[in-house]
Amino acid sequence: MKLGIIGLAGSGKTTVFEALTGEFSETGGKTDNRLGTIRVPDPRIDQLSDIFKPRKTIYAQVEYFLPGKSGKDDGAWTPVRDADALIHVVRNFSLFGLSEPNPQKDFTQLDQELILSDLTVAEKRLERMAAEANKVKKPDPEEQALVEECHRLLEGETPIRKRPDLAAAPKLRGYAFLSGKPMLVLFNNTDEDDSLPSSDAPYSGEDCMVIRGKLEHELARMTEDEAAELLAEFDISASATDRVVKQSYSLLGLISFFTVGEDEVRAWTIKRGTSALDAAEAIHSDIKKGFIRAEIISCDDFLAAGGMAAAKKNGKFRLEGKTYEVQDGDIINFRFNV
């Protein structure tokens with residue numbers, strides 16, 4: 001799953017990207033697209049690894065994508081159209097040569113750019129549909145109705161994400177509407193400020209967090225001991241980057257289930273609401289094909305019991321069928337035959 005990092009010039013997008021991913025550029029070039037893959041912090045994986053002492057421990061992962069600088073035409077948005085979600089970095093710090101921060105204005109400006117880009121896409125598609133109306137192969141009426149509804153929203157300067165049912169419509173997936181993607185608004189604050197700006201603003205109701213980008217960037221380049229000193233100096237209990245990564249995972253509607261053993265302890269990423277049958281396919285298509293049953297125990301129950309034998313004795317294991325909805329933190333052993 002990939003999140004695209006966007007923001008106005010001077011918002012600190014590059015600083016945030018490097019703080020999150022630990023991928024630093026010494027050249028300072030900003031024209032190249034950059035991609036960083038990082039693991040999702042999960043203390044449950046750490047605890048399971050301590051118990052099973054596997055040869056490999058594999059965490060869930062998310063990708064952060066920072067598009068390089070390009071022109072101001074609509075093509076500037078092309079690199080992030082395939083992102084699953086967006087992180088909108090909004091400047092909330094003062095810097096010499098820049099005007100005083102105005103998060104409300106900056107958020108609105110970029111959000112309007114997303115809306116305008118989507119409106120152009122919708123208008124072009126509706127024009128083609130109108131031209132095809134008298135042809136033998138007519139436009140799909142359901143798709144046309146969905147695009148018309150998107151157009152109505154966008155003309156009213158409302159992002160499509162405000163209508164989750166519309167944003168998630170399968171027939172609109174190919175449009176890659178920017179304003180329809182889940183969005184995390186990340187306010188880039190000064191080192192001393194960890195508070196959100198006023199909520200009485202255009203971003204009211206959005207998923208919002210604060211990051212002290214410059215400080216987090218410094219932390220990401222330090223040794224563990226050096227970072228501990230800086231955290232203590234600023235009275236910070238933990239790096240904000242872990243919270244941002246976890247929130248990114250949640251923003252995408254993702255959960256983790258686990259497989260455990262001496263060879264490997266692993267977190268598998270699926271969408272919330274996924275059935276046991278489809279979760280099996282995340283591991284291998286043959287497991288889905290030969291699915292019989294899923295042996296399941298919640299990670300919390302397993303850790304409370306202190307081991308498999310005790311968990312089974314306590315009646316915490318259960319067998320589930322194909323339609324069972326996998327829960328976050330389930331430990332699963334799939335029974336299958338191919």
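Only the coordinates and a few stated rules stand behind these numbers; no lab work does. Keep in mind that this is a model prediction, so the values were computed, not measured. Neighbour counts are summed over all protein chains in view; Cβ atoms, including those assigned to glycine, are modelled from backbone coordinates with ideal geometry.
Each of ASP328, ASP50 has some number of other Cβ atoms within 10 Å of its Cβ, and from fewest to most they run ASP50, ASP328.
Backbone N atoms of the stretch 263-294 closer than 15 Å to the 7 Å Cα→Cβ label point of ALA168 belong to residues 270-275. Gain on full extension, evaluated as 0.36 nm per residue between SER250 and ALA9 minus their Cα-Cα distance, stands at 84.0 nm. Rounded to the nearest Hz, the phi-derived 3J(HN,Hα) couplings of the stretch 100-105 under the Karplus curve 6.51 cos²θ - 1.76 cosθ + 1.60 (θ = phi - 60°) are 4, x, 9, x, 4, 5, where x marks glycine and proline. With respect to the cross-link table entries LYS53/LYS289; LYS53/LYS312; LYS138/LYS171; LYS13/LYS105; LYS137/LYS271; LYS56/LYS246, which display a Cα-Cα separation exceeding 27 Å? Where the Cα-Cα span goes over 27 Å, the pairs concerned are LYS53/LYS289; LYS137/LYS271.
Loop-located chymotrypsin sites (Phe, Trp or Tyr not before Pro) in the stretch 202-309 (DSSP state other than H, G, I, E, B) with a sparse environment of at most 15 neighbouring Cβ atoms within 10 Å: PHE234. GNM on the chain, alpha-carbon springs under 10 angstrom: the most fluctuating residue among ALA76, ALA304, ALA282 is ALA304. Among the chymotrypsin sites (Phe, Trp or Tyr not before Pro) in the stretch 12-68, none is located in a DSSP loop while being surrounded by at most 10 other Cβ atoms within 10 Å of its own Cβ. Extension gain for the segment ASP263 to GLU295, taken as residue separation times 0.36 nm less the Cα-Cα distance, is 9.7 nm to one decimal.
Under the combined filter of DSSP loop state and at most 14 neighbouring Cβ atoms within 10 Å, the stretch 144-198 retains none of its chymotrypsin sites (Phe, Trp or Tyr not before Pro).
Annotation: the residues HIS151, HIS284, HIS217, sorted from fewest to most other C-beta atoms within 10 Å of their own C-beta, follow the order HIS284, HIS151, HIS217. Both the radius of gyration and Dmax for the stretch 1-140 are 20.7, 67 Å, in that order, over alpha-carbon atoms. Ranking of LEU153, LEU119 by neighbouring Cβ atoms within 10 Å, starting from the fewest: LEU119, LEU153. Less than 11 Å Cβ to Cβ from PHE317, Lys/Arg counted +1 and Asp/Glu -1: what total charge do the surrounding residues give? So the surrounding residues net to +1. Under the convention that each Lys and Arg Cβ holds +1 and each Asp and Glu Cβ holds -1, the size of the dipole of the chain around its Cα centre is about 1600 debye.
Here each label is just a point 7 Å from Cα along the line to Cβ, and for GLN61 and GLU23 those points are 1.1 nm apart. For LEU116 and VAL338, the FRET efficiency from 1/(1 + (r/R0)^6), where r spans their Cβ atoms and R0 equals 56 Å, is about 0.65.
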